[in-house]
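Written below as structure tokens is the structure these notes are about.
The values are calculated or read from the model by the stated rules, or taken from the named source; none is laboratory data. Computed from a predicted model, the values in this text were never measured in an experiment. When we count neighbours, we look across all protein chains shown, and the Cβ atoms used for this are built from the backbone with ideal geometry, even at glycine.
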Amino acid sequence: MQPKTFVVTLALLAGLCASCTRDPQVLKQQYVAKGDRYVAAKKYAEAIIEYRNAATQDGRDGMVRFKLGEAYYQLGKYAEALGEYVRAADLLPDHVGAQVAAGRGLLLARKYPEAKARAQAALAKEPKNVDALILLGNASAGLKDLDDAITQVQEAIDADPSQSLSYTNLAFIQYSKGEKAAAAAALKRAVEVAPNNEDTRLNLANFYWAAGQLAEAEPELTAAWHINQKSPTANRALATFYLMKGQLDKAEPYLKAYAEVGESLEAKFTLADYYLARNRVPEGVAVLEPLLNDKDGFIPAKLRLAALDFAANRRPQAYGGLEEIFKRNPKHEGALLQKARFLQVEGKYAEALSVANVVVEKNPNSASGHYLRGVSLQRTNQADEAIDAFQRVLKLQPSASAAQLELATLYLDQGKNATAAEYAGQAVKAKRPSPIAHLVLAKALVRSGNPAAAEAELSRLLKSSPNSPETQNLLGDYYLAKGDQVRARAAYTKALARQDGSIDALTGLTRLDFAQKNAQSAIVRLDAQLAKSPKNRTLLMLAGAAFVAAGNTQRAETTYRQLLEVDPSNMEAYSQLGRLLKTGNRLDEARQQYEEAARRNPKVAVAAHTMVGIILTIQGKQDDARKRYEQALSLDPKAAVAANNLAFSYAEAGTNLDTALQLAQTAKQQLGKNVEASDTLGWVYYKKGLASLAVTALRDAVGQSPSNPTLHYHLGLAYLKNGDPAQARKSLQQALKLSPAFQGAEEARRALAGIPG
């Protein structure tokens, strides 16, 4: 029987133990004890788990909530800490520490009235509590009651003059009130009270630093570091201080120490970036490679390593590094931006545009995405879309000087010089403006007919880069605008000597030669350059214009033909050649020559068919012209001039408008800011009844060529269809003012007569 009794006793004991472990209060105490042990070992994440378990057993235990808040605070999880502090303070209304902790959290959250109420609750229990007085002062400062704040903090100092934090808080409140001398005195007093306190030294150093008193800031920073040489804050502050001063060698030991003692990845990446910026690549790589093993460090480290591979011309490895990132995050914004940059460097702007589009679709507020998109659009001759992209950048980052400069350049190319000057003026106000910004601003001011306003920028450029061809060409434009042809010629000549073949210098000198009735000098110079660069498109265009101006139509025709062999999409060359043939009554002869060329030489077939189409258009044979353009497009679907002319022909005839729109869009993409392309696209929109789109495109065309009456006429009709009779009247009147007899003048008069009022 005895063994049975023993078994029963064990069973009873087991039951009693089981009931003990199910007692919520016992479990709570066990969890709290474990949490306390973890806190003592500074294992705050583990402590949080235990305190949360304890709170599950008894959610109304204020001390558990308070301890949980403290653990969250130690891990830097301030939002979670605030929630627990407030719960603790509500459950423990007489606990001064809980009220102060809740008040501090509310203060950080900028909930100043609530923070003030917590401080007052604490002071109701302990009227001289220094922490509560400081809290009350800070809350009052947040509420802009600065005099009351100073009074409260002064009371804290009176209660305990040895508290350096009180002086620090007093200083910040006085500084907010504009009493800088008093603030400095309070910070100095804090250092006197606690000379071995790292924070007081750093606070005084920051005050001096902000005031620009760098000589006074440095010894305080050094003193803080000597107090705790392993302090991440002190090491980071000294490193930043010396980097800001440009004393890179002095910054290095503190950066290394920051990386060694700092627990954050930021410290490691700061050191790596320092090495890379100084072109100490092996040392930077040595810091980055171990970070690939860190879950949070992998992507930023891989991005930097991919950039290094790309810079070292290891392109497959660079793209491969980005693909590793995409395997983890297929649409990682930083990797997509890096890929777009790589593609742009390689001149693959269409591909870069596709990548940038993905970025802005995912994140419409990505300024970098819109900027890279704008660059790609600009390089693919989509100027209007590029302008929109750069303006979007400025909406997101109003002081983005790179976008301002891009806009200035785009508007300068469009002849909108005043607008270009406005954006370039903003770009030169940047902290470190690009030298190009000063150059673009000066160009815009000179071209807008305001050379006097450009003098300051010119003076700057002549000091920084007096012998650069860009500066000398601009100087030539400046003197030419002022009517000083002698100095203008000297500047252009110097630019040409510095940069053989400079188109700007050749253009300036050619203009001067013709102005001084010395066409032969211009022809000799251009012939010499053509011998060196027979396929230079811009040079051929300049030479063709010079031959026309000199009356040498044969040389002009030959030059434009050469240009079309090099650049089959050059709209201006087709136009000039067509005029020459019409003026010389040689249209039929030329048509036969081009038809023969199209049969014999496949390399020039597209341009030849296009030229035949232009000749037939001039001769009024529209149906035959359309067939020729169609032939050109069958050989090259992206033949821009053929696409543009066929689209316009369809629009004029009112047929195939959907096809016309596709062709016009193709031409616009290829030809970019070309005025004919803008006019064609707008005219097709008008014919399709898309009046608002027509107005946008035609307004752009008018901006590029404001003296063309046909463009004003087209714009007037578009305004009328878009329900804007006032603007329609202005455009139609301007068309007739420019030329009362232009083709379409009678239609313009009829449209004007039909506008009421």
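The residues in region 516-547 that are surrounded by 13 or more Cβ atoms within 10 Å (Cβ to Cβ), under 11 Å from Gln562 (Cα atoms) and among the charged types (D, E, K, R) can be counted, and the count is 1. Go through the residues of region 57-66 one by one and say whether even a single one is β-branched (Val, Ile, Thr) and either in contact with a Phe, Trp or Tyr (Cβ under 7 Å, 6 or more places away or on another chain) or surrounded by fewer than 15 Cβ atoms within 10 Å (Cβ to Cβ) (or both). Yes, region 57-66 has at least one match. Would you be able to say whether some residue in region 329-349 is more than 21 Å from His370 (Cβ to Cβ), touching a Phe, Trp or Tyr at 6+ places or on another chain (Cβ under 9 Å) and not aliphatic (A, V, I, L, M)? Looking through region 329-349, none of the residues is more than 21 Å from His370 (Cβ to Cβ), touching a Phe, Trp or Tyr at 6+ places or on another chain (Cβ under 9 Å) and not aliphatic (A, V, I, L, M). When every residue of region 724-747 is checked against the conditions, at least one turns out to be under 39 Å from the mean Cα position of the chain (by Cα), among the hydrophobic types (A, V, I, L, M, F, W, C), part of a helix (DSSP H, G or I) and buried (at least 19 other Cβ atoms within 10 Å of the Cβ). When region 706-717 is limited to residues that are crowded, with 17+ Cβ neighbours inside 10 Å and under 35 Å from the mean Cα position of the chain (by Cα), the one that is nearest to Ile618 (Cα to Cα) turns out to be Leu711.
If you go through region 230-249 one residue at a time, do you hit one that is within 32 Å of the chain's Cα centre (by Cα), surrounded by 19 or more Cβ atoms within 10 Å (Cβ to Cβ) and among the hydroxyl-bearing types (Ser, Thr, Tyr)? Among the residues of region 230-249, at least one is within 32 Å of the chain's Cα centre (by Cα), surrounded by 19 or more Cβ atoms within 10 Å (Cβ to Cβ) and among the hydroxyl-bearing types (Ser, Thr, Tyr), which makes the answer yes. Could you grab me the full set of residues in region 96-112 that are modelled with pLDDT under 80 and surrounded by fewer than 20 Cβ atoms within 10 Å (Cβ to Cβ)? Within region 96-112, Leu108, Ala109, Arg110, Tyr112 meet the criteria.
For region 467-486, a residue qualifies if it is charged (D, E, K, R) and either within 31 Å of the chain's Cα centre (by Cα) or part of a helix (DSSP H, G or I) (or both), and the qualifying residues are Glu470, Asp477. Across region 352-387, the qualifying residues are those that are more than 25 Å from Asn674 (Cβ to Cβ) and without any contact (Cβ under 8 Å) to a residue 12 or more places away in the chain, and the one among them that is nearest to the chain's Cα centre (by Cα) is Pro364.
The condition of being under 30 Å from Val695 (Cα atoms) and not acidic (Asp, Glu) holds for Asn381. Kindly establish whether Lys638 is surrounded by fewer than 16 Cβ atoms within 10 Å (Cβ to Cβ) and under 22 Å from Val675 (Cβ atoms). It is true that Lys638 is surrounded by fewer than 16 Cβ atoms within 10 Å (Cβ to Cβ) and under 22 Å from Val675 (Cβ atoms). Might you check whether a residue that is aliphatic (A, V, I, L, M), at pLDDT below 90, under 30 Å from His332 (Cβ atoms) and out of contact with any His (no Cβ under 7 Å at 6 or more places or on another chain) occurs anywhere in region 391-412? For region 391-412, residues aliphatic (A, V, I, L, M), at pLDDT below 90, under 30 Å from His332 (Cβ atoms) and out of contact with any His (no Cβ under 7 Å at 6 or more places or on another chain): absent.
Scanning region 588-623 for residues that are of a type in the set (S, T, N, Q), in a helix (DSSP H, G or I) and over 18 Å from Asn645 (Cβ atoms) yields Gln592, Gln593.
For region 282-341, the set of residues classified as among the basic types (Lys, Arg) and not in a helix (DSSP H, G or I) consists of Lys295, Arg314, Lys331, listed by residue number. Within region 600-622, the set of residues being of a type in the set (A, V, I, L, M, F, W, C) and either surrounded by 19 or more Cβ atoms within 10 Å (Cβ to Cβ) or modelled with pLDDT of 90 or more (or both) comprises Ala605, Val606, Ala607, Ala608, Met611, Val612, Ile614, Ile615, Leu616. Note on region 26-56: residues that are crowded, with 17+ Cβ neighbours inside 10 Å and among the polar types (S, T, N, Q) amount to 1. Which residues, taken from region 358-370, are surrounded by fewer than 20 Cβ atoms within 10 Å (Cβ to Cβ) and within 19 Å of Glu323 (Cβ to Cβ)? Residues satisfying the conditions are Val358, Lys362. Return yes when Leu412 is among the hydrophobic types (A, V, I, L, M, F, W, C), on the phi < 0 side of the Ramachandran plot, surrounded by fewer than 22 Cβ atoms within 10 Å (Cβ to Cβ) and part of a helix (DSSP H, G or I) and no when it is not. Here the answer is yes, as Leu412 does meet what is asked.
Restricting attention to region 449-469, the residues being surrounded by 14 or more Cβ atoms within 10 Å (Cβ to Cβ) and hydroxyl-bearing (Ser, Thr, Tyr) number 2. Figure legend. Inter-residue proximity from region 236-258: first residues more than 11 Å from Tyr274 (Cα to Cα), second residues basic (Lys, Arg) and surrounded by fewer than 22 Cβ atoms within 10 Å (Cβ to Cβ), beta-carbon distance below 6 Å, spacing 6+ or different chains. Indicated pairs: Tyr242/Lys250; Tyr258/Arg236. Considered as a group, the residues in region 486-515 that are of a type in the set (S, T, N, Q) and in contact with a Pro (Cβ under 6 Å, 6 or more places away or on another chain) include one that is surrounded by the fewest Cβ atoms within 10 Å (Cβ to Cβ), and that residue is Gln499.
When Tyr574, Tyr560 are checked against the criterion of being touching a residue at least 40 places away in the same chain (Cβ under 8 Å), aromatic (Phe, Trp, Tyr), under 23 Å from Glu676 (Cα atoms) and part of a helix (DSSP H, G or I), Tyr574 stands alone in meeting it. You will find that of Lys494, Lys443, the residue that is of a type in the set (Lys, Arg), in contact with a helix residue (DSSP H, G or I) (Cβ under 7 Å, 6 or more places away or on another chain) and either within 25 Å of Gln414 (Cα to Cα) or not in a helix (DSSP H, G or I) (or both) is Lys443 and no other. Determine whether Arg626 is among the charged types (D, E, K, R), touching a Phe, Trp or Tyr at 6+ places or on another chain (Cβ under 8 Å) and in a helix (DSSP H, G or I). So Arg626 passes the test.
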